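Remarks on the structure that follows.
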Amino acid sequence: MQLIKSIWRTLTRPAVHYSLGFLTIGGFVAGIIFWGGFNTALEMTNTEEFCVSCHEMRNNVFEELKPTIHYSNRSGVRASCPDCHVPHNWTDKIARKMQASKEVWGKIFGTINTPEKFEAKRRELAEHEWSRLKANDSLECRNCHEFDSMDFTLQAGRAAKQHSTALASGEKTCIDCHKGIAHQLPDMTGVEGWH
Amino acid sequence: MKNLLLLSLIAFLSAPVVAEEFGDLGGSLRSHDLESQSATAELKNYPKEHDGLQLDYVQQPPLIPHSIRGYQVNKNSNKCLSCHSFKNYKKYGATKISITHFKNRDGVELTDVSPRRYFCQQCHVPQVEAPPLVENTFEPAGAVSE
């Protein structure tokens with residue numbers, strides 16, 4: 001209590017030893033360093049390399065991603081983990097990163113540290129991602145796949161039909177049909193649109 | 001036993017005839033000599049969509065006329081049935097799964113796709129644009145090809 005009081009007293013009184021210039025410029029410079037450092041650290045956690053540094057990701061979901069169109073394709077454009085799983089917009093990104101602290105907990109206590117445990121949780125984890133993408137209208141898909149830029153005449157008939165109707169009207173969003181586009185599916189019993 | 005003997009006799013006698021029919025293959029079916037590398041076969045891509053692949057013989061499982069890259073068919077899910085099932089085919093304008101697929105191996109009708117017919121790609125496969133490797137006189141059989 002004494003400590004808090006003395007800190008409060010120091011903070012509420014003007015500085016005695018440092019000039020106003022030093023404090024303003026110093027504070028500004030320190031701010032840049034801290035902010036830059038924070039963002040650098042944040043971006044470091046936002047790379048495929050970081051994601052697959054844990055065996056839970058490397059041996060399960062990353063292996064599943066490899067043969068899919070988002071990882072190997074004719075044009076060489078690749079979407080990696082954070083492109084789909086972390087929002088690009090800053091505030092949303094911070095919100096997601098705070099949620100991800102639960103994943104650190106999971107890592108420490110080994111919630112999915114064996115293939116069996118991962119398989120048992122697959123439906124639950126998939127549902128988190130489906131509901132996130134459903135709620136934000138498949139924002140992470142749309143970061144690259146712009147509806148207005150789609151040429152239906154170049155799409156296969158089946159795709160053009162769905163995109164020009166259900167997607168165009170906003171009745172459906174990408175994830176409604178494209179579940180399992182990048183990873184193996186869980187047991188789909190009871191999921192809408194599945195047998 | 002008598003039949004078997006007769007059959008082997010026919011086979012034995014017709015062997016030279018068969019060989020003659022295909023001309024001189026240099027004692028082998030390969031088109032190059034043994035020491036040299038064979039040419040790498042050209043990689044073929046599946047077209048995104050085909051128009052009507054016709055049947056070639058009676059009871060042929062129809063070919064898949066579209067790309068199926070990334071379609072998962074396993075114990076967890078069956079992507080094919082999300083369009084081709086009885087429940088969904090009308091909505092997507094897809095061909096519906098044949099009712100014959102509801103019968104199990106004991107001939108008992110089930111209320112849904114029988115496990116033995118669940119793995120679509122055991123019989124139904126997509127088709128690349130591939131001309132026959134060897135010139136032949138095969139003709140699609142009868143009414144199914146029209």
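Read-outs throughout are calculated quantities, based only on the coordinates presented, and are distinct from any laboratory measurement. Here the structure is a predicted model, which means the values were calculated and not measured. In this analysis, Cβ positions are derived from the backbone assuming ideal geometry, glycine residues included, and neighbour counts consider all displayed protein chains.
Side notes on the structure shown:
- Cα point-scatterer Debye curve for the protein assembly as shown, base-10 log of I(q)/I(0) at q = 0.06, 0.10, 0.14 Å⁻¹: -0.42, -0.89, -1.31
- Annotation: peptides A:26-32, A:175-181, ranked by per-residue average of other Cβ atoms within 10 Å with the highest first, follow the order A:175-181, A:26-32.
- Span from the the stretch A:1-69 Cα centroid across to the the stretch A:102-130 one, whole angstrom: 27 Å
- Other residues whose C-beta falls under 11 angstrom from the C-beta of A:GLU103 contribute a net charge of +3, scoring Lys and Arg +1 and Asp and Glu -1.
- Seen from a random direction on average, the alpha-carbon convex hull of chain A projects onto 18.0 square nanometres.
- Spatial extent of the stretch A:134-195: Rg and Dmax, with the Cα atoms as the point set, Å: 12.5, 34
- Other residues with beta-carbon under 15 Å from the beta-carbon of B:PRO115 carry, at +1 per Lys or Arg and -1 per Asp or Glu, a net charge of +2.
- Using the rule -39500 (n - 2.57) for each DSSP H run of four or more residues, divided by the residues of chain A, the 222 nm mean residue ellipticity is -15000 deg cm²/dmol.
- Annotation: lysines with alpha-carbon distance below 20 angstrom to A:LYS107 (same-chain offsets under eight excluded): A:LYS97, A:LYS117, A:LYS121.
- In plain terms, the residue of A:THR114, A:THR10, A:THR68 with the fewest other Cβ atoms within 10 Å comes first and the most crowded comes last, giving A:THR10, A:THR114, A:THR68.
- Amide proton proximity set for B:ILE64, modelled H, under 5 Å, gap of 5+: B:VAL125, B:GLN127
- Per-residue mean of foreign Cβ neighbours for A:181-194 is 3 (Cβ atoms of other chains, 10 Å radius).
- Take each residue in B:82-88, count the other chain C-beta atoms within 10 Å of its C-beta, and the mean is 3.
- DSSP H segments from chain A that extend 20 Å or more along their own axis, Cα-based, with Kyte-Doolittle mean of 0.5 or above: A:20-44
- Unsatisfied cross-links (Cα-Cα over 21 Å) in the set A:LYS172/B:LYS90; A:LYS66/B:LYS87; A:LYS93/A:LYS134; A:LYS102/B:LYS79; A:LYS161/B:LYS79: A:LYS66/B:LYS87; A:LYS102/B:LYS79
- Neighbour-count ranking [beta-carbon atoms within 10 angstrom, fewest first] of A:ARG142, B:ARG116: B:ARG116, A:ARG142
- Remark: mean inter-chain Cβ contacts per residue of B:42-49 equal 2, using a 10 Å Cβ-Cβ cutoff to other protein chain atoms.
- Rg/Rg_ref, the stretch B:81-122, where Rg_ref = 2.2 N^0.38 Å and atoms are Cα: 1.16
- Residues whose amide H lies under 5 Å from that of B:LYS103, counting only those 5 or more places away or on a different chain, are B:LEU110, B:SER114; hydrogens are built 1.01 Å from N in the peptide plane.
- Stretching B:ASN136 away from B:LEU110 to a fully extended chain increases their span by 5.1 nm, per 0.36 nm per residue minus the current alpha-carbon distance.
- Radius 14 Å from Cβ of A:PHE62, net charge of other residues (Lys, Arg +1; Asp, Glu -1): -3
- Neighbour counts of other Cβ atoms within 10 Å put A:MET44, A:MET188 in the fewest-to-most order A:MET44, A:MET188.
- Unpaired cysteine residues in chain A (no second Cys Cβ under 4.7 Å): A:CYS54, A:CYS84, A:CYS144, A:CYS177.
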